[in-house]
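Here the structure comes first, spelled out in structure tokens, and everything after it is commentary.
No lab work stands behind these numbers, since they all come straight from the coordinates. Everything quoted here is computed from the prediction, not taken from an experiment. Positions of Cβ are generated from backbone atoms using ideal geometry, with glycine treated the same way; all protein chains shown enter the neighbour counts.
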Amino acid sequence: MLVKKCCLILLVTSLILLLSCHFQEKKKDLSLPDLYVKDVSCMGGNLYLTIGNKGHAPLPENWTGLASLYIDGVIQDDILLPHPTSRTKGGLEKPGGESHYLIPFDVSSSIRVDVYVDYTDEIREANEKNNSLENVYVGPCLLPDLSIDEIYLNDDCEVVVVVENKGPGRIPLNIWTIEEEPECLLTIFLNDRQWSVSVASEFDPRRDLHYPLGKAAFPTHLKITQKAIVTAQIDCSNIIHEQDEENNVKTVVLECPSSKKREEDKGK
């Protein structure tokens with residue numbers, strides 16, 4: 001009877017210790033970040049990586065970290081994790097956040113990609129076993145081609161700029177994400193002086209340029225009262241590799257018909 005009682009006490013004690021260790025482990029996991037590779041895809045003809053933090057804690061202050069990238073088995077330059085191209089939900093520094101990295105590599109054919117996050121073990125994580133994504137095949141990536149298609153005056157003598165995606169590839173949707181603020185800018189010059197700079201959510205709020213052959217007509221609020229030289233320039237060079245970089249600028253001479261008529265009347 002005594003032996004049975006001792007065995008029961010020993011069993012209960014072991015169970016309590018086991019549960020205590022389990023909860024301690026869970027508590028430890030809740031206080032740590034957890035990095036993982038969410039996706040490898042195309043963006044503007046280049047390679048685009050998304051790395052997230054699925055843990056319950058942010059990364060520590062002044063953190064550092066690297067990711068290694070292999071393309072068709074060949075190692076590429078390390079990815080500096082604290083310096084993404086753009087961020088979603090605060091970036092991988094925050095729980096549930098994601099950081100996006102544009103890799104300048106012309107994906108003209110199918111390639112095999114392997115990514116290893118924090119391979120130097122700089123970051124203490126809840127789970128160290130989900131830091132890699134291997135044997136992902138990407139491409140070929142078709143290139144978009146943003147161009148200034150037309151500059152004209154509407155009935156109110158306001159300058160309208162038409163931007164077109166002439167390429168076969170799609171423009172990445174993240175250029176419209178305001179919280180990411182990627183540098184995709186439409187700049188207007190009046191008589192060689194900069195007049196305005198607009199982001200994609202302003203000059204193409206409907207995201208028509210996302211699709212091949214999509215067009216966006218942007219009323220600039222610039223009104224012409226006399227003959228003027230107007231230049232429009234679209235520049236997303238930091239995040240989009242284009243099929244043709246030479247058609248991003250257009251210059252025209254514009255004159256409002258009513259002002260032209262007034263000048264003619266003065267000459268009579």
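Based on the Cβ-Cβ distance from ASP78 to LYS215, what FRET efficiency comes out when R0 is 41 Å, to the nearest 0.05?
Details: r = 40 Å, r/R0 = 0.97.
My answer for the efficiency is 0.55.
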Problem - C-alpha center-to-center spacing [segment 92-141, segment 197-236] in angstrom - result: 34
Problem - Pairwise FRET efficiency - ILE229 versus SER110, Cβ, R0 = 41 Å, nearest 0.05 - result: 0.35
Exercise for the section: Would you mind pulling out the separation of the Cα centroids of segment 163-177 and segment 32-75, in Å? Expected result: 23
Exercise for the section: List, in order, the whole-Hz ³J(HN,Hα) value for each residue of segment 211-221 obtained from phi through the Karplus relation with A = 6.51, B = -1.76, C = 1.60 and θ = phi - 60°; use x for Gly and Pro. Expected result: 9, x, 6, x, 10, 10, 9, 10, x, 8, 6
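Got a sec? How would SER108, SER198 order by Cβ neighbour count within 10 Å, fewest to most? It would help to have the intermediate numbers written out before the result.
Details: SER108 12, SER198 18.
Least to most surrounded, the residues fall as SER108, SER198.
Hey, with R₀ at 41 Å, roughly what FRET efficiency would LEU66 and VAL249 work out to, going by the Cβ-Cβ distance, to 0.05? Mind showing how you got there, number by number?
Numbers: r = 38 Å, r/R0 = 0.92.
E(calc), rounded to 0.05, equals 0.60.
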Exercise for the section: Give the value in nm², to one decimal: projected area of the alpha carbon convex hull of segment 116-179, averaged over all directions. Expected result: 8.4
Exercise for the section: Could you list SER99, SER68 in order of exposure, starting from the residue whose Cβ has the fewest other Cβ atoms within 10 Å? Expected result: SER68, SER99
Practice task
With a ≥ b ≥ c taken as the square roots of the eigenvalues of the C-alpha gyration tensor of segment 41-181, please select rounded if a/c is under 1.5 and otherwise prolate if a/b is larger than b/c or oblate if it is not?
Solution key: oblate
Exercise for the section: Report the relative contact order of segment 35-138, percent, no decimals, based on alpha-carbon pairs under 8 angstrom and at least 6 residues apart. Expected result: 35
